[in-house]
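Asks: Dumping the structure here so I can ask a few things about it.
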2 protein chains.
Amino acid sequence: MGMRVGVIGGGQLARMMIAPAVELGVELRVLAEGEGMAAALAATAVGDYRDIDTVTAFARDVDVVTFDHEHVPQPVLRALVDGGIAVHPGPDALQFAQDKLVMRRRLAELGAPQPDWAAVASEAELRAFLDAHGGRAVVKTPRGGYDGKGVRVVSAPDEAADWFAAVDGPLLAEELVPFTRELAQQVARRASGEVAAYPVVETVQRDGVCAEVIAPAPRASERLMEAAARLGVTIAEGLGVTGMLAVELFETADERILVNELAMRPHNSGHWTQDGAVTSQFEQHLRAVLDLPLGATDPLADWAVMINILGGPADAGLTDRFASAMAEHPAARIHTYGKAPRPGRKVGHVNLTGDDLDRIVYEARAAAGFFA
Amino acid sequence: MGMRVGVIGGGQLARMMIAPAVELGVELRVLAEGEGMAAALAATAVGDYRDIDTVTAFARDVDVVTFDHEHVPQPVLRALVDGGIAVHPGPDALQFAQDKLVMRRRLAELGAPQPDWAAVASEAELRAFLDAHGGRAVVKTPRGGYDGKGVRVVSAPDEAADWFAAVDGPLLAEELVPFTRELAQQVARRASGEVAAYPVVETVQRDGVCAEVIAPAPRASERLMEAAARLGVTIAEGLGVTGMLAVELFETADERILVNELAMRPHNSGHWTQDGAVTSQFEQHLRAVLDLPLGATDPLADWAVMINILGGPADAGLTDRFASAMAEHPAARIHTYGKAPRPGRKVGHVNLTGDDLDRIVYEARAAAGFFA
């Protein structure tokens, strides 16, 4: 059995695969975008993930290729598969994470609950959608968005005029869901079919970026937990996802859940599993892409909370704040990404587990606050 | 604040520092004994740890030097310190781990409970010790022993004749303690003085090698737990240990504890902390040698158990057994050292946590059994 995993992309998700890879005895190789990336320790190659020759050469020496992000172009992915290389998730699955219109169509076929949506090819079509949905809508570029980029709330068609001009093909229009909160469901799936779901979590976004996660989602009924897990498994199977899948969800006042976004990789909403679950999403991803049996997803404590550390002024070194944060919060689990701080940039996170949710939220925020 | 830690020695203890180093943002550099060692991923140099020039050159680019083992000679350690390099634990502390006679004398000065012992320089002196202790004793070479090597139970002086001939200086004779079980106490200490104790654990040795650990030690009274923790702190402070200290203990029928051996580094009896405590001993060691505030030592579950994986026939690849072990035991935490299996060689371990001790012991043994 081969145990060499090649990760395309050298960001923090690849970095956080290093720890479980070392413990499992998985040989991790990373194709990084440049020198000094977050996953530099495991970087065995530096190059452009859009270049077929670069990626093919990198893939030749591993047993399976997986990803730190979903941006590897389809022709590159297809070339790998055509060359007999195991790619997880594969190109057929990844297209649903790469193009939000393709995803919406497929989720509709699967009967997955989602916001009203339409492909709008012109300002006139967007006007019709706005008229049908109370005069406001979310408009998204189908490709290339992340962390709130490529997403805009509009109340008039000309507010998307620049995108209609720049984007080749229609935009995605979605109803503005009157959600009460946001949730996320993590599911792992192996090529041979085994699936494992984590408990659904609550996510708190600020400025389009994940800020906090509470696991499991507070006040979630058993019915909700089961519905979310079932939906995650349905999507993982329906889209043929291998590895980790994150399903970002809206919850409505009447306890319905609607699919917002998908990510086919370890995801920020699953970072709590590093310290709060038997098997972290990073280890689970490695197991899944290697088609090894999945690990237990049970929580280790009643509650886990994750607070992102967003970079402040570039001249303030993160490590200088370590001693203070650690001294005040000895139970806080501090994770750093080895990235130079920039305002708003995700440079680390703090996990905390325990049985008193209010206390651990307070304490994790306080610990993360030392780095702000 | 510097965050570069240099580890002398590339074995599994250095390897298991990699995971917490990556997460904390600590730059780990390893001076390995050869190519392909367990900690190869972090190896930045290969060379002889007994050579002053090799070690000094390695140490120049780190903020603190620490160790995978206690075998670096005192002249090398002193040269580092004289060169202004931070060394943790330092040579003054390490001498107590390097020479069991020096340790016994110092523990006696500290009033630490230990077996009756004597420095015996001849077969006549050993005969006198045997006569005073019921005709049997443990004889140890003061230096160089580990995992049962350099330790012998004798009932006649000539059974140590070869050691008297080979060893420069006296041997250590110790009474055969009628212990009911063996325990181990883990303590961390920073240069600036902060200490943190883990709960005392029970260790089960087979053929002089640690086989199983249960944390905390079953049926341990609060008095015993406190006495063990206090003893660990006394020794850490009395010997000036920085980093992790493991105190191996005998427990007697009347619930006394006696010091058996010391290790000044992460130790096999503390591997359970990787999955069973808020802060693992490997992260704690990094924090301690960097003089960062120590992490919480609280257990994450009622019980944790660690079972060593000892190598079987050299031709049986470990990874082939992964799928079976994982499939049957999804909650088992499997750690491998990247070492070629040899009969009896420690090549990995399995951790398991839970609230039913009998069940997790059974399950961890079963999971480890797949690799035997």
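The values are calculated or read from the model by the stated rules, or taken from the named source; none is laboratory data. Only a predicted model underlies this, so the values are computations on that prediction, with no experimental measurement involved. All Cβ positions, even for glycine, are placed from backbone atoms using ideal geometry, and neighbour counts span all protein chains on display. Each accessible area value is taken on the protein alone, full model and side chains, heavy atoms only, with ligands, DNA and RNA left out. Shrake-Rupley method; radii C 1.70, N 1.55, O 1.52, S 1.80 Å.
Asks: Using a 1.4 Å probe on protein heavy atoms, which residues of region B:316-359 have at least 40 Å² less accessible area in the complex than alone?
Replies: B:Thr319, B:Phe322, B:Met326, B:Pro330, B:Arg333
Asks: Kirkwood hydrodynamic radius of region B:4-87 from all distinct Cα pairs, in Å? Don't skip to the end; give the middle numbers.
Replies: On the way: mean 1/r = 0.0806 Å⁻¹.
Every distinct Cα pair counted, the radius reaches 12.4 Å.
Asks: Where does chain A land at 222 nm, in deg cm²/dmol rounded to the nearest 500, when only DSSP H runs of n ≥ 4 count, each adding -39500 (n - 2.57), divided by all residues?
Replies: On the way: 12 runs with 115 residues, N = 372.
Helices in chain A give a 222 nm mean residue ellipticity of -9000 deg cm²/dmol.
Asks: Would region B:63-122 count as rounded, prolate or oblate if I go by the C-alpha gyration tensor, calling it rounded below 1.5 in a/c and otherwise prolate when a/b exceeds b/c, oblate otherwise?
Replies: Prolate.
Asks: Using a Gaussian network for chain B with springs between C-alpha atoms less than 10 Å apart, which of these wobbles most: B:Glu194, B:Glu248, B:Glu174?
Replies: Maximum among the listed residues: B:Glu194.
Asks: Taking the Cα atoms of chain B, what is the range of coordinates along each of the three principal axes, in descending order and whole Å?
Replies: Here the spans come out as 56, 52, 45 Å, largest first.
Asks: Ranked from highest to lowest mean number of other Cβ atoms within 10 Å per residue, what is the order of the peptides B:359-367, B:43-51? Display every interim value, and only then the final one.
Replies: On the way: B:359-367: 18.9, B:43-51: 16.1.
Sorting B:359-367, B:43-51 by mean packing, highest first, produces B:359-367, B:43-51.
Asks: Follow-up question, since we're still on this one. Could you order the peptides B:184-190, B:251-257 from most to least packed, using the average number of other C-beta atoms within 10 Å per residue? It would help to have the intermediate numbers written out before the result.
Replies: On the way: B:184-190: 27.0, B:251-257: 13.7.
Descending mean neighbour count gives B:184-190, B:251-257.
Asks: Short version: which residues of region A:253-300 lose at least 40 Å² of accessible area, all chains versus chain alone, 1.4 Å probe?
Replies: A:Val278, A:Arg287, A:Pro293, A:Leu300
Asks: Grab the alpha carbons of region B:93-229, take their convex hull, and tell me the volume per residue in Å³. Don't jump to the answer; show the numbers that get you there.
Replies: Working: hull volume 18.1 nm³, N = 137.
Roughly 132 Å³ of hull volume per residue.
Asks: How long, wide and thick is region B:179-369, going by the Cα atoms along their three principal axes, in whole angstroms, largest first?
Replies: 47, 39, 29
Asks: Report, largest value first, the span of the C-alpha coordinates of the protein assembly as shown along each principal axis, in whole Å.
Replies: Extents along the principal axes: 105, 50, 50 Å.
Asks: A further question on this structure: How far is the Cα center of region B:51-126 from the Cα center of region B:191-244, in Å?
Replies: Value for the Cα centre distance between the two parts: 20 Å.
Asks: At 20 °C and 1.002 mPa s, grab the translational diffusion coefficient of region A:228-292 from Stokes-Einstein with a Kirkwood Rh over Cα pairs, rounded to a whole number in µm² per second. Can you show the working numbers first?
Replies: Values: Rh = 12.6 Å.
Roughly 169 µm²/s, to the nearest whole number.
Asks: Binning every alpha carbon pair distance of region A:280-372 at 10 Å from zero, what are the percents per bin?
Replies: 16, 38, 30, 15, 1
Asks: Something else: Treat every Asp and Glu Cβ in region B:116-174 as -1 and every Lys and Arg Cβ as +1, leave all other atoms uncharged, and give the resulting dipole magnitude about the Cα centre to the nearest 20 debye. Show your work: numbers first, answer last.
Replies: On the way: 6 positive and 10 negative charges, 34 e Å.
It comes to approximately 160 debye.
Asks: Next question. Ignoring any ligand, DNA or RNA, what whole percent of the accessible area of chain A comes from carbon and sulfur when the probe is 1.4 angstrom? Display every interim value, and only then the final one.
Replies: Working: 6750 of 13870 Å².
C and S atoms contribute 49 percent here.
Asks: May I ask you to give the average projected area over all directions of the convex hull of the Cα atoms of region A:116-174, in nm² rounded to one decimal? Show your work: numbers first, answer last.
Replies: Working: hull surface 14.0 nm².
Spelled out: convex hull of the Cα atoms, projected over all directions, averaged, 3.5 nm².
Asks: Hey, for A:Asp302 with labels 7 Å out along Cα-Cβ, what do the inter-copy distances come to in nm, ordered shortest first?
Replies: 1.7
Asks: I need the shape label for region B:52-160. Rule: rounded when a/c is under 1.5, else prolate if a/b > b/c, else oblate, with a, b, c from the alpha carbon gyration tensor. Please report the intermediate quantities before stating the final value.
Replies: Values: a/c = 3.36, a/b = 2.47, b/c = 1.36.
Prolate.
Asks: Ok, one more. Under the convention of a label 7 Å out along Cα→Cβ, give the distances in nm from B:Ala323 to the same position in every other copy, shortest first.
Replies: With the label placed 7 Å along Cα→Cβ, B:Ala323 yields 5.2 nm.
Asks: Need one number: buried accessible surface between chains B and A, 1.4 Å probe, both sides summed, DNA, RNA and ligands left out, in Å² to 100. If you can, show how the numbers build up before the last one.
Replies: Working: alone 15420 and 15470 Å², together 27700 Å².
Chains B and A together bury approximately 3200 Å².
Asks: With respect to the symmetry axis carrying chain A onto chain B, which residue of chain A exhibits the smallest Cβ distance to that axis, and what is the value in whole Å?
Replies: Output: A:Ala19, 2.
Asks: Let me ask something additional. Got a sec to turn the phi values of region A:164-175 into Karplus ³J(HN,Hα) couplings, 6.51 cos²θ - 1.76 cosθ + 1.60 with θ = phi - 60°, whole Hz, x for Gly and Pro?
Replies: Once θ is set to phi - 60°, the couplings for region A:164-175 become 4, 6, 8, 8, 7, x, x, 8, 9, 10, 10, 5 Hz.
Asks: Between the label point of A:Arg359 and that of the same position in each other copy, find the distances and list them shortest first in nm, with every label point placed 7 Å from Cα along the Cα-to-C-beta direction.
Replies: With the label placed 7 Å along Cα→Cβ, A:Arg359 yields 2.6 nm.
Asks: Send over a whole-number figure in Å² for the accessible area per residue of region B:179-369, probe 1.4 Å.
Replies: Each residue of region B:179-369 exposes 33 Å² on average to a 1.4 Å probe.
Asks: Also: Report the full-extension gain for the segment A:Val81 to A:Asp356: residue separation times 0.36 nm, less the Cα-Cα distance, to one decimal in nm. If you can, show how the numbers build up before the last one.
Replies: Values: separation 275, 0.36 × 275 = 99.00 nm, distance 4.83 nm.
This chain segment gains 94.2 nm when fully extended.
Asks: Report which residues of region A:10-39 become buried by 30 Å² or more of accessible surface when going from the isolated chain to the complete set of protein chains (1.4 Å probe; DNA, RNA and ligands ignored).
Replies: Hits at the 30 Å² cut-off: A:Arg15, A:Ala19, A:Val22, A:Glu23, A:Leu24.
Asks: I've got another one for you. Restricting to lysines 8 or more places apart or on different chains, can you count the pairs in chain A with Cα atoms under 22 Å from each other? Write down the numbers at each step before the final one.
Replies: Details: A:Lys100/A:Lys140; A:Lys100/A:Lys149; A:Lys140/A:Lys149; A:Lys149/A:Lys339; A:Lys149/A:Lys346.
Close lysine pairs found across chain A: 5.
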